[in-house]
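Right, one structure below, let's go through it.
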Amino acid sequence: MLLLRVLLPLFLVLASTARAVEPEIHTFSIVAFDPATGELGVAVESKYFGVGSVVPWAKAGVGAVATQARGKVSFGVDGLRLMEAGSTPREALDKLLATDPHAAERQVAFIDAQGRTAAHTGTECFAFAGHHEGKNYSVQGNLLAGEKVLTDMAAAYETAQKQEGTELADWLLAALTAGQAAGGDKRGQQSAALLVVLANGGPGGDNDRYMDLRVEDNPAPIEELIRLRKLHAEFYGPPRR
């Protein structure tokens, strides 16, 4: 009994410490805004189980965030809160990074409901690491096969926007597909996620989660995500805009 009393506090401390470790999310992603519909979205793929529970964050009428590399989940919550309170993406991101002792290991991208972007790739992110900010979007990644992953993602996104009968979700998936075709995550594939928000765009019009799709563990997660996106269209149809 005495031994249990001694060891239990130590076990609780160790368990708490283990839970507090920030996830290493080496990945590629895109954040984007469609000014024609007001939709905001994030798409991501990684050799990491359940990437959709860490990287993508978005709120209709406010913005979207991708937090990765040494992923800090609070950047999603706090970034959206700061933008909703009036900060630009750059102001919000800089404020969070200024008090972060591990900023050099982070990769983060913000976009707001005006299409303004801000991205950060820390100097200690695993190569290849970088980001590219375009009109109403930003692509970023770390531990990539090379810079071509990002350039091809950007080109595919811009091309997809010109296709008739498509929407933000399709453009985001086109970017992911191009990134993977260019080599993607050096380690391979495992999970992917697609999040698109729109005011009253969720089922029944009661929330903003128009599309929240995740592939947690699959040898071809982007292809599976595309299949789920097609099913989503069949089940739910277009959102109320």
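The values are calculated or read from the model by the stated rules, or taken from the named source; none is laboratory data. This one's a predicted model, so the numbers in the text were calculated from it and none came from an experiment. All Cβ positions, glycine included, derive from the backbone under ideal geometry; neighbour counts span all protein chains shown. The area values use the complete protein model at the heavy-atom level, side chains included, leaving out ligands, DNA and RNA. Shrake-Rupley method; radii C 1.70, N 1.55, O 1.52, S 1.80 Å.
How much accessible surface does residue 102 have with a 1.4 Å probe, in Å² rounded to 10?
60
So how do 185, 94 rank on accessible area, 1.4 Å probe, biggest first, that is with the largest at the start?
94, 185
Could you order 137, 236, 48 by accessible surface area, starting with the largest, using a probe radius of 1.4 Å?
Ranked list, largest accessible area first: 236, 48, 137.
Number of Lys pairs in the chain with C-alpha atoms less than 25 angstrom apart, excluding same-chain neighbours closer than eight positions?
Number of lysine pairs found: 16.
Within a Cβ distance under 11 Å of residue 175, other residues only, what is the Lys/Arg minus Asp/Glu net charge?
Result for the local shell: -4.
Could you state the angle between the C-alpha long axis of helix 221-236 and the longest principal axis of the C-alpha atoms of the chain, as a value from 0 to 90 degrees rounded to the nearest 10?
That helix lies at roughly 60 degrees to the long axis.
If each of residue 74 and residue 24 carries a label point 7 Å out from its Cα toward its Cβ, how far apart are those two points in nm?
About 2.3 nm separates the two model spin labels.
For residue 81, what accessible area in Å² do you get when you roll a 1.4 Å probe over the heavy atoms of the protein chains, rounding to the nearest 10?
Ignoring ligands and nucleic acids, residue 81 comes out at about 130 Å².
Tabulate in residue order the Karplus-calculated ³J(HN,Hα) for the stretch 205-219, using 6.51 cos²θ - 1.76 cosθ + 1.60 with θ = phi - 60°, rounded to whole Hz; enter x for Gly and Pro.
x, 8, 8, 9, 8, 4, 9, 9, 10, 9, 10, 7, 7, 7, x
Show me, for the stretch 31-48, the HN-Hα J-couplings you get by feeding each phi into the Karplus relation (A = 6.51, B = -1.76, C = 1.60, θ = phi - 60°), rounded to Hz, glycine and proline as x.
In residue order, the calculated couplings are 10, 7, 9, 9, x, 6, 10, x, 5, 10, x, 9, 10, 8, 9, 7, 8, 8 Hz.
With every protein chain present, what accessible area does residue 198 have (1.4 Å probe, heavy atoms only), rounded to the nearest 10 Å²?
10
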